[in-house]
Amino acid sequence: IDLMNEETELENLNDGVKANELREWKFSLLTNYEFRSGRLKGMGIGGYINWQDESVIGYARDDNNRPDKTHPFYGDPIVTTGLNVNYSRNILGGRVRWKIQLNVRNLLDSDHYIGISAVEQRDTDNVPVIATYRIQEPRSAILTNTFSF
């Protein structure tokens with residue numbers, strides 16, 4: 001058995017196969033607003049939404065049990081959201097700017113599992129079954145204090 005030729009043949013099978021979870025399109029929208037006068041002077045609020053396109057997570061198999069590049073299996077698009085609120089003011093006679101900020105990630109608490117690999121269902125043609133999942137990042141809150149000189 002020529003192991004070198006066998007390895008080369010296996011590598012050639014992967015030509016043109018997309019890497020799992022490689023997403024072609026990603027979009028982010030970010031906004032912030034700072035109140036500079038009135039009763040809310042010093043307050044700020046912002047948020048974001050991220051969208052990621054569906055990704056290839058596997059391929060159907062041909063009659064020789066090799067990946068069929070013409071029949072990819074796709075995972076779901078992913079949407080994440082977040083929010084921040086802050087307050088800032090000058091302290092110590094205006095020599096130091098203090099800012100306290102609360103960031104909330106995964107604001108809508110999306111807790112669904114994300115399929116990252118799929119295989120063809122046994123005894124069927126081109127029917128995917130999710131084989132591996134990853135967990136969505138849970139909602140988290142981060143409180144920071146910043147002092148600028």
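The values are calculated or read from the model by the stated rules, or taken from the named source; none is laboratory data. Here the structure is a predicted model, which is why all the values come from computation and not from measurement. Note that we place each Cβ from the backbone using ideal geometry, even for glycine, and neighbour counts take in every protein chain shown. Note: accessible area is taken over every heavy atom of the protein model, side chains too, but ligands, DNA and RNA are not part of it. Shrake-Rupley method; radii C 1.70, N 1.55, O 1.52, S 1.80 Å.
Assorted remarks:
- Portion, in percent, of the accessible area of the chain that falls on carbon or sulfur, probe 1.4 Å: 53 percent
- Taken per residue, the accessible surface of the chain reaches 75 Å², heavy atoms only and a 1.4 Å probe.
- Note on Ile142 and Arg39: the model spin-label points, each 7 Å out from Cα along the C-beta direction, lie 3.2 nm apart.
- For q = 0.11, 0.13, 0.17, 0.20 Å⁻¹, Debye-computed log10 I/I(0) when each Cα of the chain counts as one equal scatterer: -0.65, -0.76, -1.01, -1.19
- Computed E for Leu92/Asn32 - FRET, C-beta separation, R0 22 angstrom, nearest 0.05: 0.30
- In the chain, the longest principal axis of the Cα atoms and the axis of helix 3-13 are about 60 degrees apart.
- FRET efficiency for His71 and His112, using Cβ-Cβ distance with R0 set to 22 Å, rounded to 0.05: 0.30
- Relative contact order of the chain, defined on C-alpha pairs under 8 angstrom at six or more residues apart (%): 19 percent
- Within the listed set Leu108, Leu40, Leu92, the residue fluctuating most in the Gaussian network model of the chain (springs between alpha-carbon atoms under 10 angstrom) is Leu92.
- In the elastic network of the chain, a GNM with C-alpha springs shorter than 10 Å, the most mobile of Asn50, Asn65, Asn106 is Asn65.
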